[in-house]
Amino acid sequence: MVFFLDDAVVDGDAVITQVGLKATHKSTPVCFCFAHTVDDIVADLKEHDGRSTIKSAVKAAVANGHCACEHLNPSGLCCLPALHRSVASAANSVAVITPATSARRSL
(Lines give C-alpha, C1' and ligand atoms only; values in the text may rest on other atoms or scores of the structure.)
Protein backbone atom coordinates (compact mmCIF):
# COMPACT_ATOMS: atom_id res chain seq x y z
CA MET A 1 0.00 0.00 0.00
CA VAL A 2 1.34 3.42 -0.93
CA PHE A 3 0.11 6.88 0.07
CA PHE A 4 0.80 10.16 -1.66
CA LEU A 5 1.24 13.38 0.30
CA ASP A 6 1.95 16.37 -1.91
CA ASP A 7 5.23 15.42 -3.61
CA ALA A 8 6.12 12.67 -1.12
CA VAL A 9 5.36 8.99 -1.46
CA VAL A 10 4.83 7.15 1.83
CA ASP A 11 5.03 3.37 2.00
CA GLY A 12 2.22 1.78 4.02
CA ASP A 13 4.72 0.03 6.31
CA ALA A 14 6.08 3.44 7.38
CA VAL A 15 2.67 4.51 8.69
CA ILE A 16 2.24 4.00 12.43
CA THR A 17 -1.44 3.06 12.33
CA GLN A 18 -3.85 1.81 9.71
CA VAL A 19 -5.11 4.39 7.26
CA GLY A 20 -8.70 4.05 6.16
CA LEU A 21 -11.39 1.53 6.98
CA LYS A 22 -10.20 -1.01 4.41
CA ALA A 23 -6.65 -1.19 5.74
CA THR A 24 -6.80 -4.18 8.03
CA HIS A 25 -3.18 -5.38 8.16
CA LYS A 26 -2.56 -3.40 11.36
CA SER A 27 -4.61 -3.51 14.54
CA THR A 28 -7.48 -1.04 14.69
CA PRO A 29 -6.55 2.08 16.68
CA VAL A 30 -8.87 3.04 19.53
CA CYS A 31 -6.94 5.66 21.48
CA PHE A 32 -4.70 7.84 19.37
CA CYS A 33 -3.18 9.79 22.27
CA PHE A 34 -1.79 6.73 24.01
CA ALA A 35 -1.55 4.40 20.98
CA HIS A 36 -3.91 1.68 22.23
CA THR A 37 -5.43 -0.71 19.72
CA VAL A 38 -8.23 -3.27 19.79
CA ASP A 39 -5.57 -5.98 20.16
CA ASP A 40 -4.15 -4.18 23.21
CA ILE A 41 -7.61 -4.05 24.80
CA VAL A 42 -8.25 -7.76 24.20
CA ALA A 43 -4.87 -8.68 25.70
CA ASP A 44 -5.49 -6.37 28.67
CA LEU A 45 -8.87 -7.96 29.38
CA LYS A 46 -7.42 -11.47 29.19
CA GLU A 47 -4.50 -10.57 31.44
CA HIS A 48 -6.66 -8.88 34.08
CA ASP A 49 -9.63 -11.27 34.33
CA GLY A 50 -11.98 -9.14 32.25
CA ARG A 51 -11.08 -5.76 33.76
CA SER A 52 -9.51 -3.09 31.60
CA THR A 53 -6.51 -1.35 33.11
CA ILE A 54 -6.09 0.54 29.82
CA LYS A 55 -9.48 2.22 30.18
CA SER A 56 -8.81 3.37 33.73
CA ALA A 57 -5.30 4.59 32.85
CA VAL A 58 -6.58 6.59 29.85
CA LYS A 59 -9.45 8.08 31.90
CA ALA A 60 -6.97 9.21 34.57
CA ALA A 61 -4.60 10.67 31.98
CA VAL A 62 -7.42 12.56 30.25
CA ALA A 63 -8.66 13.89 33.59
CA ASN A 64 -5.13 15.21 34.22
CA GLY A 65 -5.04 16.92 30.82
CA HIS A 66 -2.56 14.52 29.22
CA CYS A 67 -4.32 13.98 25.92
CA ALA A 68 -4.28 15.58 22.51
CA CYS A 69 -7.31 14.05 20.83
CA GLU A 70 -8.07 17.21 18.88
CA HIS A 71 -4.68 16.84 17.17
CA LEU A 72 -4.09 13.08 17.07
CA ASN A 73 -7.56 11.59 16.53
CA PRO A 74 -8.57 11.93 12.86
CA SER A 75 -12.12 12.78 13.97
CA GLY A 76 -10.81 15.53 16.26
CA LEU A 77 -12.97 14.13 19.07
CA CYS A 78 -12.11 12.62 22.43
CA CYS A 79 -11.23 8.91 22.23
CA LEU A 80 -12.95 7.96 25.53
CA PRO A 81 -16.37 7.10 24.04
CA ALA A 82 -14.72 4.90 21.38
CA LEU A 83 -12.49 3.34 24.03
CA HIS A 84 -15.55 2.56 26.20
CA ARG A 85 -17.36 0.95 23.24
CA SER A 86 -14.27 -1.05 22.27
CA VAL A 87 -13.74 -2.36 25.81
CA ALA A 88 -17.42 -3.38 26.05
CA SER A 89 -17.31 -5.08 22.67
CA ALA A 90 -14.05 -6.88 23.43
CA ALA A 91 -15.34 -7.98 26.84
CA ASN A 92 -18.35 -9.58 25.15
CA SER A 93 -16.16 -11.45 22.67
CA VAL A 94 -13.36 -12.50 25.03
CA ALA A 95 -13.99 -15.59 27.12
CA VAL A 96 -12.20 -14.84 30.34
CA ILE A 97 -11.82 -17.96 32.45
CA THR A 98 -11.20 -17.21 36.09
CA PRO A 99 -10.45 -19.87 38.73
CA ALA A 100 -14.08 -19.66 39.91
CA THR A 101 -15.56 -20.31 36.46
CA SER A 102 -13.10 -23.09 35.65
CA ALA A 103 -13.91 -24.78 39.00
CA ARG A 104 -17.65 -24.67 38.19
CA ARG A 105 -17.01 -26.22 34.79
CA SER A 106 -15.17 -29.17 36.33
CA LEU A 107 -18.13 -30.03 38.60
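Restricting to the range 26-72, name every residue that is surrounded by fewer than 14 Cβ atoms within 10 Å (Cβ to Cβ), in a helix (DSSP H, G or I) and not charged (D, E, K, R).
Matches in the range 26-72: Thr53, Ser56, Ala60, Ala63, His71.
Can you tell me which residue is nearest to the chain's Cα centre (by Cα) among those in the range 69-82 that are among the aliphatic types (A, V, I, L, M) and at pLDDT 90 or above?
Ala82
The values are calculated or read from the model by the stated rules, or taken from the named source; none is laboratory data. As the structure is a computational prediction, the values presented were derived from the model and not from experiment. Positions of Cβ are generated from backbone atoms using ideal geometry, with glycine treated the same way; all protein chains shown enter the neighbour counts.
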